[in-house]
Amino acid sequence: MRLNFKTIINLVTIILLLALPYYIFNGKLFLGGDDTRLLYSYPFEYFKNSSFYSWYSVSTIGINASNQYTLPFLGFWSAIDSILKNKVILSYTAFSMPLVLGLIYFQKLMGVLFPEKKSNFIEIYIGSLFYVLSPIVIFDLLFIYLTSTWLLCMFPALLYYFISYLRTSNFINVYKALILSMLFSFCFIAIPWILGLALPLILASPVLLVFSKKKDILTFIKKAFIFVVLLAISQSYWLFAFFAPYFIRDNSNFVFNVIAKSYTDTFTPTVVSTAVGTILYPILGLFHRQIAFDYEWKLKEQFIYLFDKTLFLNLIFIAVLIGGLLLFKKYFNKEGRRIYTYFLTAFIFSLFFFTVNIGPFKDLFLYMGKIPGFVMFRNFYDKFAPGYIFIYSILITAGLLAVSNELPKYRKAINILFIFVVLLNFTSVKSTVNSVLWTTKNVYRVITIPQEYLDMMNFIHNNVSSSNTILTLPYGSSLYSVIKDTNSNNVYLGVSPVKIFSGVNDISGTLSFNYDPDGQKIQDDITSRNYKDINKTLFKRNINYVFVNKNIPDQVIHSYAFDNNTVKYEDEGLIKGITSKKIKTSSNNSYILYEAKNKNSYLLSKNLYFKKINPVKYILYFKNLKSKQELKMFDSYNSNWKIYPVKYPNMSFCNNVVSSVKNTKECKEEFSLLTLDELLYFFKKPIFSNTHASKDGTTNDWLIDPSYIKKTLPNNYYTVKKDGSIDVEFILYYRPQLYFYYGIIISLLNLIACTIFLFFSSRYAKKK
Amino acid sequence: MPKRNKKSYGIIFTIIIPVILLLFWFFASLFFNNKISFSVIQYSESARDIKSYPSGLLLKDKSIIGEFKANDNNLGIINLGFKNFIERGSGGEDVLLFRIKEKGQKDWKYINTYRSGSLDRQLEYPFGFPSIPDSKDKTYVFEIKSLYGTPNNSINLTDGKPTLSTAYQFSKGEILGSKKILVGFLYKKIETSFTNIDFLLRSLIFLAPLAVYVFVYFLSKLKNKSSRSLSIGMAIILIVLDILLLKEYYVGILIVLSILWIINIHKFKIESSVTFLTTGIMIMVWVILTMFGMLDYQGKLNVWIFTLFIVGAAQLIFEEKYSPKSEVNYKNFFKILIKENG
């Protein structure tokens, strides 16, 4: 096969992009932050311990969360992991993927937007570099590398498939978009960022209406409907659970947050204090400068050392933008001109949303804060950034096409200068992404997870039942914990990964309590050495183990991650005050696991045997139930925990008792992902739901009444003893998990239907 | 058309309509000014009334001290206007202590604290307090003192002395108490308002209909080519003057000048490329000014460039839809401006 210039240059670029993380991270893993980034290097562990269930607790008290959007990617990535067997290669490939796919799909998109300019490959290629290597992308996406980073490839990919479908009516485009959306569905959780693109595009859409005939508009609406609906149905498996809390009045969900008053109230102050930039830097292809200086962001250094000095070079982008605006009429056909005009309009909207601080227009944005849900854009400089750079890149590429056609003699010089400035700006990538941990002098955020830590996690996995909760010390000021690198002072600092590695949840800081006052109370009790109250809180929260990390670099201990005053009191006195015995010390004494002074049980009642099946399902067996008695579940209150009676009660599920607290015995956990009978729980009637309550939201309490059981249930649901008492078996189940199961059935049916349709439509097309 | 009819139409177009629009500006400015409510009368005070102030930063324990004679009863606001934005630093906010008392009195009449962040990027900040009913002709002393100002967080008065104005709040009952009081209040209101340059600039938004009318009227009378370049040139010069002379943006000016540009576009068949070329030149100038640290004009350039982008895009959509013939484009724009002006 002969490779043409286009393929070679793209291949070289892809190889360089794949090599990029080796240059940035020097062979260590880029982990930490709000989503741990462990899904890219430990996908199977993440899959098993974090993503499958709607009752979520990764370093938090139990909360309702639809996490399943990571499942397809984790499945795919686990398969790759089993082939590669190298965490570094695995995570580095994941780091480069959005850039590589973004580069490819952007070029494809420009090909379908301006088909007559398809032959101008070099300008389109340069435009795609401008897009994926933009300083806005570095700072807003790569620096934190949350799942929203994948929008870098999803934006051009989905638009490419949509426009291809519009132009050709070929269903394969819908199908490809559907597969891609399912694989990378985790980036759809970045709803505000997606709307950050959708909003300017939608607001500019009247422009297309002005240019189009009624027939074309109807075709557009029809095809857009098919495309969007099929894509949305493909996401049912997590979307159902995501939106369900809105209908079942569960206020621990994002949907509630964006309309909650407390959240709404922060809109104007946040916007007023951060809307300080101007449109200059965005149109120079840079992030807002003023905010970086006002808030002492890392980006400030990049401006001082690079962008401020090379500002005049960025004028090339202005020249190309304006050149495009002056010349595009000459070099684009009618359709191309209209598409260009549409994106210019979208660009103006996007520029406004990304900047806000534009004289009287700022007040307009503040008024928009009154629209329900608009508060999600209070961090406008973040939410609109990916959409802005995407739209701007389309405009710039079109400009480059027009300018190169107008000035054929200078085409090479313009392209070389353009690439030079793009690459020069991109040189900031290493110092931005692999930057020093905030509030430390020289501690970096890339590590190799030490075997000592992994061994300790393995010990916890094998010896601590996952119904327990661990307290991680030192106690942090958020929900982060620290893992020190094997051979340097670099650290992992992010959401505590104890659950991901061991399957047992831990509480690592004040925010682990989801804004409940207990989070702050523990901190206050530590500083006042009020161990009695700490023990009470630990008992109430079913925290039965204490994990002490003795291997945290000094600079990190004194960083923003910990409260300096609290850390002073986290000494041997505290350990003695809240623990009863040491269970395990790691090989180099870096980590110690203790048992808490007052051990509790996840479920507590009289003569109760229980077994955890998975985070949403427990089997309960009450022996000799004589009179009304209380059942307590020590996890945050949620009315969707339901008790279902079981026919023919028996104790066969309990082969091995692992712990005994008061009159409650916990049987050894036997993990089962799901059983088919669970699907029917939706139609079953739960029992004792009318007694389900909580005193302070920290427990779920039920009143188990044997006379009610006898009165309402057939006698095969209980065994009557000689003394008149009964034995009864229940399943305790978190019902919203069903939304995931129903959703996945719909998603799969949708996929099968689309596959069948594609098969037959392509056969029909061939025959024709 | 009969001669008499023509004459009466002439009177309507040249006198009656402009007078109606002028009256609209006059009353709308008085009643709907978004900065000062109708029942408030504001007086500019002499710069000499600010007795002491630090040059540059208002550091810890440094003060701005002023003394003025109240022009009226019901003193309730002291406005301090700064020549530059007050830029908040990064080391946490400063707290400013504001206090006011009658001269010669021992005790301060009113004391309050303000976060320095609340003054950020405001050219004029109103320090309000419960109105003093019998303030007329009494002399008051006020002080604004930094409690925690450091080189990192203190407010910055780099460009010299703050300006001072005082405001007096009247109740509805007082104003409507008697005809004499009402007439007196209206007289003072008109006098203080229309002699205040800031008020006049803000009220320009209500002058927009008159301005549009005048532009349309006069442009319809212009016929030869030199008037074309004169008109386009005038619009550009006015925009440049707005950027250079007025640091704050006034919506009225923005609207009036934008309309002037749009009328020019319509009248002289100017292509969108000219608007974009003008935008591009402004951006280039902005970048050069920024490189030399000249940031004074960036607020205005920010608004104008964005506004011209909007105008240009709207033009473009119109051009794509209706394909109108254009006479002025980016190629002949400078030629027209220079040659036709002779």
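The values are calculated or read from the model by the stated rules, or taken from the named source; none is laboratory data. All values reported here derive from a predicted model rather than from experimental measurement. We place every Cβ from the backbone using ideal geometry, glycine too, and count neighbours over all the protein chains shown.
Applying the condition of being crowded, with 16+ Cβ neighbours inside 10 Å and within 14 Å of chain A (Cβ to nearest Cβ) to segment B:233-247 and asking which residue is farthest from the chain's Cα centre (by Cα) yields B:Ile239.
Results for (1) touching a Phe, Trp or Tyr at 6+ places or on another chain (Cβ under 8 Å); (2) closer than 25 Å to B:Asn79 by Cα; (3) in a helix (DSSP H, G or I), shown as yes or no for each residue.
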| site | (1), (2), (3) |
| --- | --- |
| B:Gly177 | no, no, no |
| B:Gly184 | no, yes, yes |
| B:Glu191 | no, yes, yes |
| B:Leu201 | yes, yes, yes |
| B:Leu207 | yes, no, yes |
| B:Ala211 | no, no, yes |
| B:Phe215 | no, no, yes |
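So, A:Tyr648, is that one loosely packed, with under 14 Cβ neighbours inside 10 Å and assigned to a loop (DSSP other than H, G, I, E, B) or not? Here the answer is yes, as A:Tyr648 does meet what is asked.
When A:Ser481 is tested against (1) at negative phi; (2) within 30 Å of the chain's Cα centre (by Cα); (3) surrounded by fewer than 24 Cβ atoms within 10 Å (Cβ to Cβ), exactly one condition is not met: (3).
Given A:Phe293, A:Phe303, A:Phe312, A:Phe343, which one is within 11 Å of chain B (Cβ to nearest Cβ), farther than 25 Å from A:Asn405 by Cα, part of a helix (DSSP H, G or I) and hydrophobic (A, V, I, L, M, F, W, C)?
Every option except A:Phe293 fails the conditions.
Annotation note: of A:Lys222, A:Lys213, the sole residue that is among the basic types (Lys, Arg), modelled with pLDDT of 90 or more and over 29 Å from A:Ser747 (Cβ atoms) is A:Lys213.
Here B:Ser229 meets the list (1) hydroxyl-bearing (Ser, Thr, Tyr); (2) in contact (Cβ under 8 Å) with a residue 40 or more places away in the chain; (3) in a helix (DSSP H, G or I); (4) within 11 Å of another protein chain (Cβ to nearest Cβ) almost entirely, failing just condition (4).
Among residues that are more than 10 Å from every other protein chain (Cβ to nearest Cβ), touching a residue at least 60 places away in the same chain (Cβ under 8 Å), within 22 Å of A:Ile318 (Cβ to Cβ) and out of contact with any Cys (no Cβ under 6 Å at 6 or more places or on another chain), B:Ile336 is not included. Counting only helices (runs of 4 or more DSSP H) that fall entirely inside segment A:384-467 and contain at least 2 residues that are closer than 19 Å to A:Phe303 by Cα and polar (S, T, N, Q), the qualifying elements are A:429-433. Within segment B:305-327, restricting attention to residues that are in a helix (DSSP H, G or I) and polar (S, T, N, Q), which residue is nearest to the other protein chains (Cβ to nearest Cβ)? Ranking the qualifying residues of segment B:305-327, first place goes to B:Thr307.
Among the conditions (1) closer than 21 Å to B:Thr150 by Cα; (2) of a type in the set (Lys, Arg); (3) modelled with pLDDT of 85 or more, B:Arg88 misses just one, which is (3). Summed over segment A:331-340, the residues that are at the interface with chain B (Cβ under 10 Å from one of its Cβ atoms) and touching a residue at least 40 places away in the same chain (Cβ under 8 Å) give a count of 2. Annotation note: Cβ proximity below 9 Å between a residue of segment B:290-304 that is under 19 Å from B:Thr279 (Cβ atoms) and at the interface with chain A (Cβ under 10 Å from one of its Cβ atoms) and a residue that is part of a helix (DSSP H, G or I) and of a type in the set (Lys, Arg) (sequence gap 6+ or interchain) occurs for no pair.
One residue stands out among those in segment A:81-121 that are of a type in the set (Ser, Thr, Tyr) and more than 21 Å from A:Tyr145 (Cβ to Cβ): the one that is modelled with the lowest pLDDT, which is A:Ser119.
Residue-level check: of (1) facing another protein chain (nearest Cβ under 9 Å); (2) in contact with a Ser or Thr (Cβ under 8 Å, 6 or more places away or on another chain); (3) farther than 20 Å from A:Phe317 by Cβ; (4) not polar (S, T, N, Q), B:Tyr330 misses just (3). For segment A:101-108, the criterion of being without any contact (Cβ under 8 Å) to a residue 60 or more places away in the chain, out of contact with any Leu (no Cβ under 8 Å at 6 or more places or on another chain) and of a type outside the set (A, V, I, L, M) is satisfied by at least one residue.
Among residues of segment A:346-389 being among the aliphatic types (A, V, I, L, M) and within 13 Å of another protein chain (Cβ to nearest Cβ), the one that is farthest from A:Ser134 (Cα to Cα) is A:Leu364. Candidates B:Val287, B:Val256: the one that is facing chain A (nearest Cβ under 7 Å), over 25 Å from A:Leu208 (Cα atoms) and in a helix (DSSP H, G or I) is B:Val287.
Quick grid of which residues meet (1) free of Cβ contacts under 8 Å to residues at least 12 places away in the same chain; (2) of a type in the set (Gly, Ala, Ser); (3) in contact with a strand residue (DSSP E or B) (Cβ under 8 Å, 6 or more places away or on another chain):
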position: A:Gly27; (1), (2), (3): no, yes, no
position: A:Leu38; (1), (2), (3): no, no, no
position: A:Tyr42; (1), (2), (3): no, no, no
position: A:Ser54; (1), (2), (3): no, yes, yes
position: A:Ser59; (1), (2), (3): no, yes, yes
position: A:Gly62; (1), (2), (3): no, yes, yes
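Exactly one residue out of A:Ser78, A:Ser128, A:Ser59 is over 30 Å from A:Leu401 (Cα atoms) and modelled with pLDDT of 95 or more, and it is A:Ser78.
Looking at segment A:198-214, can you tell me whether even one residue there is within 14 Å of chain B (Cβ to nearest Cβ), under 18 Å from A:Tyr381 (Cα atoms) and buried (at least 19 other Cβ atoms within 10 Å of the Cβ)? Give the derivation first.
As a first pass, look at segment A:198-214 and keep what is within 14 Å of chain B (Cβ to nearest Cβ): A:200, A:203-213.
With under 18 Å from A:Tyr381 (Cα atoms) added as a condition, the list becomes A:200.
If we keep only those that are buried (at least 19 other Cβ atoms within 10 Å of the Cβ) as well, we get A:200.
Yes, segment A:198-214 contains at least one residue that is within 14 Å of chain B (Cβ to nearest Cβ), under 18 Å from A:Tyr381 (Cα atoms) and buried (at least 19 other Cβ atoms within 10 Å of the Cβ).
Per-residue answers, yes or no, for (1) aliphatic (A, V, I, L, M); (2) under 21 Å from A:Val728 (Cβ atoms); (3) part of a loop (DSSP other than H, G, I, E, B):
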site	(1), (2), (3)
A:Gly573	no, no, no
A:Ser580	no, no, no
A:Ile592	yes, no, no
A:Tyr609	no, yes, no
A:Ser627	no, yes, yes
A:Tyr644	no, yes, no
A:Phe653	no, yes, yes
A:Glu666	no, yes, no
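With respect to B:Ile281, determine if the residue is buried (at least 21 other Cβ atoms within 10 Å of the Cβ), among the β-branched types (Val, Ile, Thr) and more than 7 Å from chain A (Cβ to nearest Cβ). So that I can check it myself, show each step before the final result.
Values: buried (at least 21 other Cβ atoms within 10 Å of the Cβ): no; among the β-branched types (Val, Ile, Thr): yes; more than 7 Å from chain A (Cβ to nearest Cβ): yes.
Here the answer is no, as B:Ile281 does not meet what is asked.
Would you check if A:Phe240 is closer than 30 Å to A:Gly75 by Cα and either touching a residue at least 60 places away in the same chain (Cβ under 8 Å) or within 14 Å of chain B (Cβ to nearest Cβ) (or both)? So A:Phe240 fits the description; yes. Scanning segment A:64-75 turns up no residue that is at positive phi, at pLDDT below 95 and out of contact with any Lys or Arg (no Cβ under 9 Å at 6 or more places or on another chain). Of the helices (runs of 4 or more DSSP H) that lie entirely inside segment A:472-567, those containing 3 or more residues that are under 15 Å from A:Gly32 (Cβ atoms) span A:498-502. Taking residues in segment A:360-385 that are in contact (Cβ under 8 Å) with a residue 24 or more places away in the chain, and partners anywhere that are outside any helix (DSSP H, G or I) and of a type in the set (Asp, Glu), the pairs with Cβ atoms closer than 9 Å and at least 6 places apart or on different chains are A:Val375/A:Asp265. Residue count for segment B:202-225 satisfying the condition of being among the polar types (S, T, N, Q) and loosely packed, with under 14 Cβ neighbours inside 10 Å: 2.
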